[in-house]
Amino acid sequence: MNLWQAIILCRGGQNRNFRDTFWLKNHWSAGKPRFLLSKPRCGLITSFNSAITRGLTRAALGCVVLLCQNWCVEADSSPIRVSFLHSDGILADTIDRLSSAGCSSEALAVFRSFALAECKSRELLSVRSSTDEAGYYSFDGLDDLLSAGPPAYPSLVRSITRIRKHSLTCFDVAALILRDGPVSMAGDRKIPRSENLAVLSSIESDGMARFQVRSATSRDYLGGVGLLSSIDSYQRATGWRERSMGEENLALILRAPHLISGHYANAEAPLRRLMSLRMEQWERSGAVFSPGIQVVLSHYVDFKGRFIAADHIALAVPLDTGWMLIEKNGTMNPLVRIEFPTVDMLADYAMSCFDSDVYDPGSPLHEAAYIVTANDQILRIRTRRHFQEIIRK
């Protein structure tokens, strides 16, 4: 492998950097750079300058290759770590980090009780290699992690009790942790009916699911359509604690769908504008984010139903070695802490929650577009056409 190939390899990907590869390859001859410098006319000075240029160029490129190689080794050697909070030390560390991010002590006390109840209802399995000394499962990369089957992780953990009828959705857990903390909303008003929309699904005679979006009543979004857990389930799961108005507002405004007005093409730029409008609605509703903790949301855009909605939420806190993600992906699935070495891996994982929809033509979200955000930043946009091309391959 020559030097220009090493540079391209370290930058990662051949298709993505095709133009860079083409440029370098066509400006490299016999292992020496050809940067279209003017030919030296004559004399000692021009020869000396040319020698200096060649020496500095080789030295600079050598340093770039060395740094890129070191970076690649470091990134590849950093595993993704997973814990179901069965370890007292990991649970305590999780709560400490959430506290440092600004979460209130009252909210974290309820979260700790809920986490302990979740742990008691499940046991760890040793089908995969056992956990390390700290209590984490380690994965070599995102593909290795996805092979464990999130969000249920059937090869790592299983339920040892009867199915819990009273548990919390991912939005319930996120709003619970964020209550009176770094992310908040005005708690003295109800979400307006124009902003509080429910997705109602039904199975038609052809076996396909149909979605309908309309204004939601309290019965709709607190029991039956899956926006939030019912009041009874919430109280049983949290030790008969009342859900605050601000907590309910925050969960609903982040999750509830919004109708799409106007035309938006199935392309990245229009979808980015659509997501920006949704973020403006959050701001007008009083949602305030904090850089100390990132609210990671996985959205989908239903072009047939003409609405955009969030399907999943998780919370991310920065670590010295990457990011800590806390999620409860489904009421029947375990509470999990995942440590990602890079934000790119975290974003790809958040997008992976739609994988089953992408490859299932029978899914009502099969032809949707998908967006991943963290607070007010857009991390990933994948159009409907992008996924169709993947399926055809």
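The values are calculated or read from the model by the stated rules, or taken from the named source; none is laboratory data. The shown structure was predicted, so the numbers you read here are calculated from the model rather than taken from an experiment. Please note: Cβ atoms are built from the backbone with ideal geometry, for glycine as well, and neighbour counts cover all protein chains shown.
Which residue out of R236, R306, R273 is without any contact (Cβ under 8 Å) to a residue 40 or more places away in the chain and over 24 Å from S99 (Cβ atoms)?
Only one candidate passes the filter, namely R273.
On the given criteria, is D311 free of Cβ contacts under 8 Å to residues at least 60 places away in the same chain and in contact with a helix residue (DSSP H, G or I) (Cβ under 9 Å, 6 or more places away or on another chain)?
yes
Taking the conditions exactly as written (part of a loop (DSSP other than H, G, I, E, B), under 17 Å from S83 (Cβ atoms) and modelled with pLDDT under 80), does S194 satisfy them or not? Explain how you work it out, then say what you get.
Numbers: part of a loop (DSSP other than H, G, I, E, B): yes; under 17 Å from S83 (Cβ atoms): no; modelled with pLDDT under 80: yes.
It is false that S194 is part of a loop (DSSP other than H, G, I, E, B), under 17 Å from S83 (Cβ atoms) and modelled with pLDDT under 80.
Against the conditions (1) at pLDDT 90 or above; (2) surrounded by 14 or more Cβ atoms within 10 Å (Cβ to Cβ); (3) not aliphatic (A, V, I, L, M), where does F211 fall short? Just the number, please.
Of (1) at pLDDT 90 or above; (2) surrounded by 14 or more Cβ atoms within 10 Å (Cβ to Cβ); (3) not aliphatic (A, V, I, L, M), only one is false for F211: (1).
Restricted to region 122-131, and to residues that are more than 25 Å from the chain's Cα centre (by Cα) and assigned to a loop (DSSP other than H, G, I, E, B), which residue is modelled with the highest pLDDT?
Filtering first and then ranking leaves L125.
Looking at region 100-117, is at least one residue assigned to a helix (DSSP H, G or I), of a type in the set (D, E) and more than 16 Å from D180 (Cα to Cα)?
No, region 100-117 has no match at all.
Check every one of the helices (runs of 4 or more DSSP H) wholly within region 221-298 and list those with 2 or more residues that are farther than 24 Å from N375 by Cβ and more than 21 Å from the chain's Cα centre (by Cα).
Those helices (runs of 4 or more DSSP H) span 231-237.
Select from region 308-339 the residues that are within 23 Å of P364 (Cβ to Cβ) and among the aliphatic types (A, V, I, L, M) and write down the one among them that is surrounded by the fewest Cβ atoms within 10 Å (Cβ to Cβ). Write out each step before concluding.
Let us first name the residues in region 308-339 that are within 23 Å of P364 (Cβ to Cβ), namely 308-314, 327-333.
Right, trim to among the aliphatic types (A, V, I, L, M) and you get 308-310, 313-314, 332.
Working: I308: 23, A309: 23, A310: 22, I313: 24, A314: 24, M332: 12.
Step by step, filter region 308-339, then rank; the result is M332.
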